[in-house]
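Report on the structure given below.
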Amino acid sequence: MALTINHNLLSMNTARNLSSSYAALSTATQRLSSGLRINSAADDAAGLAVREIMRTEVASLGQGVRNANDAISMIQTADGALGVIDEKLIRMKELAMQASTGTYSSDQRLIIDSEYQAMASEITRIASATDFNGIHLLNGNLSGATYNGNGLASTGKLKVHFGTHNDSSEDYYYVQINTSTASALGVGLSATKGHDGRSISTQELAQKALGALDKAIVSKDKIRANLGALQNRLENTITNLSVQSENTSAAESQISDVDVATQMTEFTREQIKVQTAVAMLSQANSLGKLALNLIQG
């Protein structure tokens, strides 16, 4: 290689190598400091696209778990209220049994019936007052067979959405809760006229009310059983969603996260190369002095 003044090719070559090593060192530093292998689309365009899709999936699955947990809380609220209604129906059955025997006078049966009616009114009050997040659960609002979510407030059965898409077979299902008021259960004066469970003011009415109360208890038990099955199903759904989220996160980590051991090795190597290139660049820049020494002779 000729000894020249205008072009210091050794210095140019060393500077190019220094620039390349410094860029690699900068990338290694960025990855180690962020913990991510992909910090921009330039690092891995395809990997970035896959990672963002997976991140969206994980975030959606997390919200799906929260949605399912909210639905479980709602079901537990309804079941708790039905448990209180159960106590009222048991007391009403006890009162009907009491009024069915002939050892009480008419006046005494009227007193017994007054408590019977009070229990029926309390059942209606509980059914009307029980709500979760402003959604009434037992008054018949969720008893409709058809769901309609077009308006600001949906009507009919309640839709629990937990999946990341909108497929009815895998992303959501409905919670339908039948009415639990006294009239719907067929007990108390609010029941349809002529119904056996309206009153226990006479011995005959009290005896007929026994069968009506049995039917009311069965109706209430069917509602609770349905809610219990839905809660179990939601708990299984949460387990499945959690496993799916965990596995998706693991896959996203494989694509996105940096291997610290490997990257630290790369960082050390590039750091040494940069230090060496800086030293050689200093030496290459001094080569022009050799030409000056020849001129000065």
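No lab work stands behind these numbers, since they all come straight from the coordinates. Only a predicted model underlies this, so the values are computations on that prediction, with no experimental measurement involved. For neighbour counting, all protein chains shown are included, and Cβ atoms are generated from backbone atoms with ideal geometry for every residue, glycine included.
Annotations for the structure displayed:
- Close amide H partners of Gly140, meaning residues 5 or more places away or on another chain with modelled amide H under 5 Å apart, are Ser180.
- Gyration tensor (alpha-carbon) shape descriptor, the stretch 68-178, a/c threshold 1.5: prolate
- Helical content of the chain, expressed as a calculated mean residue ellipticity at 222 nm, amounts to -24000 deg cm²/dmol (DSSP H runs of 4 or more residues, -39,500 (n - 2.57) each, divided by residue number, nearest 500).
- Calculated FRET efficiency for the pair Gln254/Gln283, C-beta based, R₀ 35 Å, to 0.05: 0.20
- Between the stretch 181-230 and the stretch 108-178, the alpha-carbon center distance in angstrom: 18 Å
- Two-site label geometry, Ser128 and Glu52: point separation in nm, points 7 Å out along Cα→Cβ: 5.4 nm
- Size-normalised alpha-carbon gyration radius of the stretch 136-267, reference 2.2 N^0.38 Å: 1.81
- Debye log10 I(q)/I(0) at q = 0.12 Å⁻¹ for the chain, Cα point scatterers: -0.89
- Counting lysine pairs in the chain that sit 8 or more residues apart in sequence, or on different chains, and whose Cα atoms lie under 23 Å apart gives 19.
- Cα gyration tensor, the stretch 159-233 - rounded (a/c under 1.5), prolate or oblate: prolate
- Positive dipole terminus of the chain, leading residue within Gln176, Ala15, Ala216 (C-beta point charges): Ala15
- Farthest towards the positive end of the charge dipole of the chain, among the residues Val278, Thr248, Ala229, is the Cα of Val278, using unit charges on the Cβ of Lys, Arg, Asp and Glu.
- Dipole magnitude of the stretch 46-249 about its Cα centre (Cβ charges: Lys, Arg +1; Asp, Glu -1), debye to nearest 20: 320 debye
- Within the chain, no whole DSSP H helix has Cα atoms reaching 24 Å or more along its own axis together with a mean Kyte-Doolittle score of at least 1.6.
- Summarising the label geometry, the points placed 7 Å from Cα in the beta-carbon direction at Leu152 and Gln203 lie 6.0 nm from one another.
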